[in-house]
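Below is one structure, written out as structure tokens, with a few remarks after it.
The values are calculated or read from the model by the stated rules, or taken from the named source; none is laboratory data. Since this is a predicted model, take the numbers as computed values, not measurements. When we count neighbours, we look across all protein chains shown, and the Cβ atoms used for this are built from the backbone with ideal geometry, even at glycine. We work out accessible area using only protein heavy atoms, side chains counted, and drop any ligands, DNA or RNA first. Shrake-Rupley method; radii C 1.70, N 1.55, O 1.52, S 1.80 Å.
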Amino acid sequence: HVFLCTDGKDFCGCEANGNAALSGALRGELAKRRLMAQVKINIMQCRQPGIAGPVFVVHPAGVWYNGLKAENVAEFVEEHILKGHPVTRFVMSGSPKPVTAVAAHIVEAADCCGDKLTPEQRVEQAAG
């Protein structure tokens, strides 16, 4: 299961750094290898301010990636999806912040989620 950041609100650098090209390449590679039924792709807001992107996370392992480009997708699918070995040069370092998964039909609304807090952020704000 791959969650790919599609945030276009300048919160992170995912849109500016090729999330659309990455999404297209990933879907194309999975289709070429007949893996679309085995690998689900969802969108999210990565909530990683100041990161270069594009960001995505692979579950169930919870491996976060940053900076993987369309030209690296075949390697990613071969190594991580098929063999279960993360492509370490693109694995995000540190502890990622909590994310907000956004359903595709909601993303169509222009300003649906740009200023919303995650549940974790609401708890943190209430406590502090």
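Data table
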item	result
Accessible-area composition of region 53-97, carbon plus sulfur, in percent [1.4 Å probe]	52
Arg89-Ala126 FRET efficiency (beta carbon distance; Förster radius 30 Å; 0.05 resolution)	0.15
